[in-house]
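The values are calculated or read from the model by the stated rules, or taken from the named source; none is laboratory data. No experiment lies behind these values; they were computed from the predicted model shown. Note: ideal-geometry Cβ built from the backbone for every residue, glycine included; neighbour counts use all protein chains shown. Ligands, DNA and RNA are excluded from the accessible area calculation, which covers all protein heavy atoms including side chains. Shrake-Rupley method; radii C 1.70, N 1.55, O 1.52, S 1.80 Å.
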Amino acid sequence: MKYDELLNRAESRLQEAGILENTSDAWILFENVFHMNRSRYFLEKTAEIGEEEQRKVLLYNKYIEERCKHKPVQYITGIWPFMGLEFEVNEHVLIPRFDTECLVEQAVRFIRQFRKNGQGKDCVRVLDLCTGSGCIAVSIKKICNDCLIDMSASDISEKALDTAKRNAGRQNVEVNFIHSDLFENIEQDSKFDVIVSNPPYIRTEDIPSLMPEVREFEPLTALDGDVDGLRFYRRIIEEGKDYLQTGGVLLFEIGCDQGAEVRLLLEERGYTEIEVMKDLAGLDRVVTARYPGI
C-alpha cells in the first residue's frame, strides 16, 4: 500500500462514520504517527509503505477507528497547540480552545499594565481558577517572561492538576498548583492583582445536545455550569473580593450569550470598568472587571 492510499482510505472511513472533519482529522493523525509534514508527504505519497513502517500503519488504523467512535483527535494524539505552545491533553482536562486565547491575551495586557504602572510591586500576583490542563496559567507565565509574575493555579481535580504540572514542566515554567474547590484552599494573606478563570459555564439542560466529542469524552465537571450556567461566576465574583487587591482585575471566559448576565453580576457586587470583549468570530467571549475595594 502507498501512503496516499492509506490516507485516502482513512478519510473515507471517517466520512462513513459521520466525522465532518474527516480530511483534516485523517491528516492530523497521519502526521502524528508518521512524523511526516506536508512537503515530505507530497514527495513520498506514491511510495510503497515498507515493512519497517507496518507498525505505524497498524497504529494509524487504530487511531482512525478511535476517531470513528467520536473520540476527539486531541485525546488520541495526547497533545494540542495553544498560544503557540504544545500542551498535553487527556480525558481529565478540557481540550484547549482557540477562543480561550482571547482570555490569555487580555490577562497579559493587564499584567503588563501593572508592571508598567509600577505601584511599588516587586511582582504581579496572578491566580488561574479551574486551570484544567494549565494552558492559561502556563501560557501567561511563558509569555510574560519579561515580567516578574507570581503565578498560581487551582483545580478541584487532582488528575487535572497532575496534567497541568506536566505541562508546566514541558514549558519550563514555575506555577504554584493548588488542589482547591475555587478559593477553598487559597491563602488570603497575600492578595492577587489578577484573577483569571475559564469556569464551567454550559447550562445543565444543554449538555445532552452537545457534540458527542464533548458530551461523551470531555470531563463533565469542567463543562456543567448548573441550571443557568452562572453558578461559578456567582461564586468567583462574590468570593473573589476577598482575594483581589484594591484595583485588582477579574477576567472570565464566557459563553457567547452570557455577556449581559455576567456584567450584571459584576455590577451588583460593586466591580467597575466592566468590559465584554469579542473573539475573532465576533462573539462575546471575555469579560474583564476591576475591583475598586471598599
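A value for volume of the Cα convex hull per residue in Å³ was derived from the coordinates, and within the list (i) 167; (ii) 140; (iii) 205 it appears as (ii).
Label separation (E174 vs E275): 3.1 nm, computed from points 7 Å beyond Cα along the C-beta direction.
Compared with the alpha-carbon gap, the fully stretched path from K56 to E187 is longer by 42.2 nm at 0.36 nm per residue. Selection among V214, I202, I143 by position relative to the dipole of the range 82-218 gives I143 as farthest towards the positive end (Cβ unit charges, Cα centre).
Could you tell me the distance between the Cα centroids of the range 31-59 and the range 175-242, to the nearest Å? Their Cα centres are 42 Å away from one another.
Remark: spin-label model distance D226-I156 equals 1.0 nm, labels positioned 7 Å along the Cα→Cβ axis.
Pulled fully out, how much extra length does the chain show between D4 and A47, if you take 0.36 nm times their separation in residues and subtract their Cα-Cα distance? Walk me through the numbers on the way to the answer.
Numbers: separation 43, 0.36 × 43 = 15.48 nm, distance 0.84 nm.
Contour length minus Cα-Cα distance gives 14.6 nm.
Between the residues V249, L280, Y233, the greatest Cα displacement towards the positive end of the dipole of the range 200-294, with unit charges on the Cβ of Lys, Arg, Asp and Glu, is found for V249.
What's the whole-number percent of alpha carbon pairs in the range 73-162 lying beyond 23 angstrom?
Numbers: 1024 of 4005 pairs.
The proportion of pairs with Cα distances above 23 Å equals 26 percent.
Working value for the range 138-294: equivalent-ellipsoid semi-axes of 24, 22, 15 Å, each the square root of 5 times a Cα gyration tensor eigenvalue, largest first. Listed by chain and number, the aspartates and glutamates whose C-alpha is less than 12 Å from the C-alpha of K56, apart from same-chain residues fewer than 8 away, are E31.
As a quick test, which of the pairs K71/K278; K141/K165; K116/K141; K71/K159; K69/K278; K142/K165 have an alpha carbon distance above 22 angstrom in this structure? Please list the in-between numbers first.
Working: K71/K278 29 Å; K141/K165 13 Å; K116/K141 17 Å; K71/K159 19 Å; K69/K278 33 Å; K142/K165 14 Å.
In this structure, K71/K278; K69/K278 exceed 22 Å between Cα atoms.
Distant-in-sequence amide contacts of R285, defined by a placed amide H-H separation under 5 Å and a gap of 5 or more residues or a different chain, comprise M277, K278, D279.
Obtain the radius of gyration and the Kirkwood radius of the range 1-114 from its C-alpha atoms and give Rg over Rh. Walk me through the numbers before you get to the answer.
Values: Rg = 17.2 Å, Rh = 15.8 Å.
Ratio of gyration radius to Kirkwood radius: 1.09.
May I ask you to give the percent of accessible area on the chain that is carbon plus sulfur, with a probe radius of 1.4 Å? Here it works out to 48 percent.
At a Cβ-Cβ separation cutoff of 4.7 angstrom, cysteine residues of the chain with no neighbouring cysteine are C68, C102, C123, C130, C135, C256.
Once R0 is set to 22 Å, what does the formula 1/(1 + (r/R0)^6) return for the Cβ-Cβ distance between R109 and R215, expressed as a FRET efficiency to the nearest 0.05? Don't jump to the answer; show the numbers that get you there.
Details: r = 34 Å, r/R0 = 1.54.
Step by step, r from the Cβ atoms, then E = 0.05.
If packing is taken as the average count of other Cβ atoms within 10 Å, what order do 36-47, 181-192 fall into, highest mean first?
Top of the packing list down: 181-192, 36-47.
Think of each Lys and Arg Cβ as +1 and each Asp and Glu Cβ as -1; about the Cα centre, that makes the dipole of the chain roughly 720 debye.
With a Förster radius of 35 Å, plug the Cβ-Cβ distance of E261 and E66 into 1/(1 + (r/R0)^6) and report the FRET value to the nearest 0.05. Provide the component values of the computation, followed by the final result.
Details: r = 38 Å, r/R0 = 1.08.
Approximately 0.40, to the nearest 0.05.
Under a 1.4 Å probe, what is the accessible area of the chain per residue, stated in Å²?
Values: 14280 Å² over 294 residues.
Per-residue accessible area for the chain comes out at 49 Å².
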